[in-house]
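The structure appears below as structure tokens.
The values are calculated or read from the model by the stated rules, or taken from the named source; none is laboratory data. All values reported here derive from a predicted model rather than from experimental measurement. Positions of Cβ are generated from backbone atoms using ideal geometry, with glycine treated the same way; all protein chains shown enter the neighbour counts. Surface accessibility is based on the protein's heavy atoms, side chains included, excluding ligands, DNA and RNA. Shrake-Rupley method; radii C 1.70, N 1.55, O 1.52, S 1.80 Å.
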Amino acid sequence: MKDILEKYFGRNNIGQLKKYASGVLVAVLFASAMLFVLNKDASAAGLSPLSVKGTELVDRSGKAVQLKGISTHGLSWFPEYVNEKSFSYMKKKWGINVVRLAMYTAEYNGYCTGDAENKKKLEKLIDEGVRYADDAGLYVIIDWHILSDGSPAVHQKEAVSFFKKMAKKYKNNSNVLYEICNEPNGGVQWKDIKKYAVKVIKKIRKYDKDAVIITGTPTWSQDVDAAAADRISSKFGNIMYSLHFYAATHGEFLRQKAQKALDSGLPLFVTEFGICDASGSSGINKGEAKKWFDFLDKNKISYAAWNLSNKNETSAFIKSGCAKESGWKKSELTDSAKYIIKRFK
Ligand code: IDC
């Protein structure tokens with residue numbers, strides 16, 4: 001080797017060449033270290049990290065991104081749908097690009113009401129869900145699904161330590177988004193939700209500097225106007241606000257509220273919706289559903305449909321007689337599923 005180098009560069013130049021080579025090496029190492037510090041890794045599937053620009057979600061190059069996908073039912077009750085095949089099937093055949101992992105906090109076997117074993121099981125499911133999503137090329141929302149607990153303050157302590165764990169684990173996963181309280185209800189005010197949100201966001205930001213964080217809003221995530229009037233400090237970056245609708249219950253009045261919030265610059269994310277009524281289990285309203293989808297698409301609002309399960313309810317995607325955990329045929333899907341899948345495409 002030495003002989004060859006000497007032949008081409010001359011004996012006197014070898015020392016300089018070595019210096020030059022080590023300089024290049026140092027520069028390359030420094031550049032990759034900087035990239036690592038400044039950027040999340042791209043996911044296995046090469047998904048770009050997301051950020052929030054104005055009211056929109058954008059990718060690394062600043063291009064607007066609209067996430068479209070589905071929410072699981074409660075992870076404790078329908079864990080079987082979190083599997084590798086179902087995620088890649090929904091991506092390929094339905095055209096989704098996001099899945100939401102709904103983890104109830106207070107209901108039966110919720111994260112805060114079950115035992116330690118249950119907690120472990122749920123965390124393992126989230127871990128698998130994040131991995132399957134990544135492999136399939138999907139973004140994934142980790143949803144702290146408060147519901148019967150009404151105010152997020154009820155389980156605030158658990159929420160802070162849960163999201164600390166998540167943020168430490170997933171800080172380099174470009175496909176992970178955090179939803180910190182599904183649907184505040186029971187009269188809890190925005191100022192109290194905001195207090196909770198700031199506590200949780202601060203904890204997440206300690207580890208994960210830039211992942212998108214979505215907070216719930218008052219009245220089952222409908223009062224986005226209240227949040228618009230008193231936003232969370234922009235210093236945290238990449239914060240969005242959830243808007244939930246069920247088309248057979250919520251119509252024009254809620255779209256108007258949402259429009260006003262958008263006009264004032266509030267970034268919205270529909271982390272949950274149905275085209276039936278708010279009970280999740282009666283009549284579908286296709287007329288209103290169409291108006292909602294047109295509204296979402298026009299404003300590039302991201303959304304996740306409730307729910308991926310075969311529970312005997314209108315909002316479920318899989319017919320209750322079907323036990324398959326992926327690869328569903330059209331005849332095995334409900335009317336909700338068939339309608340919504342058409343809009344994914
Ligand atoms: C519903 C489920 C139903 C379950 C119930 C209580 O569809 O099977 O028994 O929760 O846990 C929401 C909630 C979501 C609800 C859904 C339909 O976020 O948890 O799921 N809904 O009622 N907000 C508005 C409607």
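Gaussian network model of the chain, Cα springs within a sub-10 Å range: biggest mean-square fluctuation belongs to which of Lys203, Lys298, Lys63? Highest fluctuation of the listed residues: Lys298. May I ask which of Lys203/Lys300; Lys63/Lys206; Lys120/Lys157 have a Cα-Cα span longer than 21 Å here? Table pairs above 21 Å Cα-Cα are Lys203/Lys300; Lys63/Lys206.
Counting other Cβ atoms within 10 Å, which chymotrypsin sites (Phe, Trp or Tyr not before Pro) in segment 48-107 have at most 16 and lie in a DSSP loop? Sparse-neighbourhood loop chymotrypsin sites (Phe, Trp or Tyr not before Pro): Trp77.
Here the Kirkwood formula, the inverse mean of 1/r across different C-alpha pairs, assigns the chain a hydrodynamic radius of 21.3 Å.
Full extension of the chain between Tyr108 and Ala278 gives 59.2 nm of extra length, using 0.36 nm per residue less the Cα-Cα distance. Straight-line cross-link partners of Lys260 among the aspartates and glutamates, defined as a Cα under 18 Å from its Cα and at least 8 positions apart when in the same chain: Glu56, Asp223, Asp225, Asp230, Glu252, Asp294, Asp297. Within the listed set Val98, Val130, Val58, the residue fluctuating most in the Gaussian network model of the chain (springs between alpha-carbon atoms under 10 angstrom) is Val58. Taking 0.36 nm per residue of separation and subtracting the current Cα-Cα distance, fully stretching the chain between Lys291 and Ala229 would add 19.7 nm.
Relative to the Cα centre, the charge distribution of segment 262-345, modelled as +1 at Lys and Arg Cβ and -1 at Asp and Glu Cβ, gives a dipole magnitude of about 440 debye. DSSP beta bridges confined to segment 204-345 are antiparallel in about 10 percent of cases.
Among the listed pairs Lys235/Lys257; Lys124/Lys345; Lys165/Lys311; Lys291/Lys311; Lys124/Lys171; Lys68/Lys199, a Cα-Cα separation exceeding 23 Å is found for Lys235/Lys257; Lys124/Lys345; Lys165/Lys311; Lys291/Lys311; Lys68/Lys199. Among Asn307, Asn182, Asn285, the residue with the largest mean-square fluctuation in a Gaussian network model of the chain, with springs joining Cα atoms closer than 10 Å, is Asn285. Scaled against the 2.2 N^0.38 Å expected of a compact globular protein of N residues, the Cα radius of gyration of segment 74-208 reads 1.04.
Extension gain, Glu332 to Val58, is 95.2 nm, computed as 0.36 nm per intervening residue step minus the present C-alpha separation. Averaged over its residues, segment 44-196 has an accessible area of 39 Å² per residue, based on protein heavy atoms and a 1.4 Å probe.
Among Ile301, Gly46, Ile204, which residue has its Cα positioned farthest towards the positive end of the charge dipole of the chain, with +1 placed on the Cβ of Lys and Arg, -1 on the Cβ of Asp and Glu, and the dipole taken about the Cα centre? So the residue we want is Gly46. Based on DSSP H segments of at least four residues, each scored -39500 (n - 2.57), the chain has a per-residue ellipticity at 222 nm of -13000 deg cm²/dmol.
Dipole magnitude for the chain: about 1260 debye, using +1 per Lys or Arg Cβ and -1 per Asp or Glu Cβ, origin at the Cα centre. Protein heavy-atom surface of the chain, 1.4 angstrom probe: 54% of the accessible area is carbon and sulfur, with nucleic acids and ligands not counted.
If r is the Cβ-Cβ distance from Lys124 to Ser264 and R0 is 56 Å, what FRET efficiency results, to the nearest 0.05? Using R0 = 56 Å, I get an efficiency of 0.85. Once you divide the Cα radius of gyration of segment 176-313 by 2.2 N^0.38 Å, the number left is 1.05.
Simple rule: put +1 on each Lys or Arg Cβ and -1 on each Asp or Glu Cβ in segment 210-345, find the dipole, and look at Gly327, Pro218, Ala337; the Cα lying farthest toward the positive end is Gly327.
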